[in-house]
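Below you'll find the structure, written out as structure tokens, and then a few comments.
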Amino acid sequence: MDYIERRIKIGEADPAALLGANDAHLHMLESRFPATIVFRNNTLSLRGAPDEIRQLESVINEMLYVLKRKGMLTTSDVEEIIALVDESPTTTGDPQQLTSRQSLNDVIVWGRKDPVRPRTARQREYVEKVARCDVVFAIGPAGTGKTYLAVAMALAALRSNRVQRIILTRPAVEAGESLGYLPGDLFEKVHPYLRPLLDAVSDMVPPDKLKNLNEKQIIEIIPLAYMRGRTLNNAFIILDEAQNTTIGQMKMFLTRLGQGSKAIITGDVTQIDLASSTQSGLLDVQSILRGIEGIEFVYFDKSDVVRHRLVMDIIDAYERSQQQRAQQQQLPLEQSPQ
């Protein structure tokens, strides 16, 4: 069998962090890949079968990427990276077409613990549409990853300098009163309503870094009411819980989009908290904007739920209950004399 050799310079990366305590990460690589791996003079020298070395290069490059982004590399990170390669089908034909690399590229951003990547076909469609289009609506039930993936894509865009800031917003309809009458400063007033967005960001950004980004207004978390009159250039904007916007609020939000910006609008049309006399802007916009180039809609369903296994059962139960109520309301009409 022919063998090839490759060398990877680790640059400014900390060798101890890359290779692990007592070379634990190096031993993991050696147990998965029978190639010879030698570290000397800030360089990893690899020798083995061509396909094996190409996969090993992908893993090591991804390890370097995670180490640079997170400032650390855990055993779990290395296991996850190796697993991504193991999940990929064997490549044939053009050696440049490395499917393990495609699998690694599924990772949107590396969080504080685990990589964030699409886990269903619909989530993959979502990520692809956001990459192509400047405005994407993600509509579906709770637990389908709409908001979490949106935050991950926003952070990835910020880290790669495709945008200069991230704006996270949400209507605060649950308050039932003007925010001005609530106690505390602006953050304290809206904190309960923006908690889901904060949770998603906190999973991916260390607290000290998030505080710094927030103070510099690189990541801005504000109620929808405070968006009026602004033009947002070079920004990644996420509107969460959009089913609770009015028609006027939705139009106001969409017309904030400036040059070099992207917007994701997420919502669940089965959980509208507006007064019964007020029409949801998310329901209205689906017919108004459909077919406009650069605007896409992604519809999730219960098969895309990635939370606890019971979430899908809960959604099923509510759907059955709604169908039963609808049938009961129609029954007297059907039985009435013609």
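Since every read-out is calculated from the coordinates, none of them should be taken as a lab result. Since the model is a prediction, treat every value here as computed from it, not as a measurement. Every residue, glycine among them, receives a Cβ derived from its backbone with ideal geometry; neighbour counts consider all protein chains shown.
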- Item | In nm, spacing of pseudo-spin labels at residue 125 and residue 313 (7 Å Cα→C-beta vector) | 2.8 nm
- Message: With the crude spin-label approximation of a point 7 Å out along Cα→Cβ, what separation in nm comes out for residue 328 versus residue 160?
- Response: 5.1 nm
- Stretched fully, the stretch from residue 22 through residue 255 gains (0.36 nm per residue minus C-alpha distance, one decimal, in nm) 78.3 nm
- Determine the sum of side-chain charges near residue 42: Lys and Arg each +1, Asp and Glu each -1, restricted to other residues whose C-beta is under 12 angstrom from that of residue 42. +1
- Length added when fully stretched, residue 45-residue 231, from 0.36 nm per residue minus Cα-Cα: 61.8 nm
- Item | Among the listed pairs 70/251; 211/262; 209/251, those beyond 26 Å (Cα-Cα) | 70/251; 209/251
